[in-house]
Amino acid sequence: MAGQIVTITSGKGGVGKTTTTANIGTALAMGGRDVVLIDADIGLRNLDIVMGLENRIVYDLVDVIEGNCRVRQAMIRDKRFPNLSLIPAAQTRDKDAVSPEQMVELTQELALTHDFVLVDSPAGIEQGFRNAIAGAHRVLVVTTPEVSAVRDADRIIGLVEAAEIPPPQLIVNRFRPEMVLRGDMMDIPDVEEILAIALIGVVPEDQSIITSTNRGEAAVFDTYSAAGRAFKDIARRLQGEEVAFPSFQQPPVGVMGRLMKALGFARV
Amino acid sequence: MRFLRGFGRQQQPAPDVASSQVAKQRLKVVLVSDQMRVSPGLMAAIQSDLIDVLSRRLDVDRDGIEVTISPTQYTDVDTLTARIPIRRAARARR
């Protein structure tokens, strides 16, 4: 049976598509799945540096499409997992170097030999986005609980639905429970209500994302990383497991925290 | 057990280097190759070959190396410039 082709997209830039792709891909590989990641952001390659594989690039996605190399030659094997590999984007070409039909062909070919083909989409709604969703069985839309990101996510959801792909699923990234408690950030049900698609993950804001990315490591290796745990949960849900959504509301810590709460001061 | 977290990392740099500095170093390397339109794999290979050759004679600071290829003024050729810090100058090895 062919594997799943999953595209990670968002509309707005900077909401965490690439981090999400790297971490879900790594989590799936940690669980023994055969995974290939495709960076579809031609001209603005980044999945390689997030994965710590930037020095191993010889061939890229456009080389594969144009037949300059075999698919296998462009697949960079992960540092830790032989069952995880990356096809990097070309850095010096344009999005129109690849067509949606070519992406369909490539992703379907890869799905024959892998359990998961994860496609990291560029921001925007133009050719690069259309290429990225072309072969997808399933689309994950990443947003943050901010008005601009949610608005763009809504636009993307409309375009995915028009493309006759099953309804996309939602990842809310950079969630800050303490702001929600103060009433300063939209809560998950608020975002769900607006976008009206199924939720597949909530990833809390987490500084360890920056430090792990600095080193080119995935956060899912870091057992202390709350975001890493959330990405692992998403990977399990992608495989059909029922995983409860943890509550991010932290109870007040220690005597002072309890006292403050008893006195009516919410911990912020 | 946080102190054990770096264990098993085979990739340079050592885990005790601040991650911000690792990020800066990685970016320097990758930006050079982006600007030169030479693949990072090739750049890394050139850098490593240079270090290997020089290390036979000198105590080279591997982390401080910077290799760039840039256009030369008034000519149409690109020049490779290597800045390779030496820890103990001219400490010749046999």
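The values are calculated or read from the model by the stated rules, or taken from the named source; none is laboratory data. These numbers were taken from a predicted model, which means no experiment stands behind them. Neighbour counts are summed over all protein chains in view; Cβ atoms, including those assigned to glycine, are modelled from backbone coordinates with ideal geometry.
Structural remarks
- Here the strands (runs of 3 or more DSSP E) wholly within the range A:85-187 that include at least 1 residues being at positive phi are A:169-175.
- Hey, A:ALA40 in contact (Cβ under 8 Å) with a residue 40 or more places away in the chain, hydrophobic (A, V, I, L, M, F, W, C) and more than 12 Å from chain B (Cβ to nearest Cβ) or not: yes
- Residue within the range A:167-175 that is over 15 Å from the mean Cα position of the chain (by Cα) and farther than 24 Å from A:GLY228 by Cβ present: yes
Residues are listed down the side, and each one gets a yes or a no for (1) within 17 Å of the chain's Cα centre (by Cα); (2) away from chain B (no Cβ under 14 Å); (3) modelled with pLDDT under 95:
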{"residue": "A:ALA162", "(1), (2), (3)": "no, yes, yes"}
{"residue": "A:MET186", "(1), (2), (3)": "no, yes, no"}
{"residue": "A:ALA198", "(1), (2), (3)": "yes, yes, no"}
{"residue": "A:VAL202", "(1), (2), (3)": "yes, yes, no"}
{"residue": "A:SER212", "(1), (2), (3)": "yes, no, no"}
{"residue": "A:PHE221", "(1), (2), (3)": "yes, no, yes"}
{"residue": "A:GLY228", "(1), (2), (3)": "yes, no, no"}
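- Of all the residues in the range B:1-33, those that are within 9 Å of chain A (Cβ to nearest Cβ), assigned to a helix (DSSP H, G or I), modelled with pLDDT under 85 and surrounded by fewer than 16 Cβ atoms within 10 Å (Cβ to Cβ) number 1.
- Considering the range B:34-62, and only residues there that are of a type outside the set (Lys, Arg) and touching a helix residue (DSSP H, G or I) at 6+ places or on another chain (Cβ under 7 Å), the residue that is farthest from the other protein chains (Cβ to nearest Cβ) turns out to be B:VAL60.
- For the range A:60-76, residues that are within 13 Å of another protein chain (Cβ to nearest Cβ) and not in a loop (DSSP other than H, G, I, E, B) total 5.
- Any hit, the range A:18-25, residues being part of a loop (DSSP other than H, G, I, E, B) and at negative phi: no
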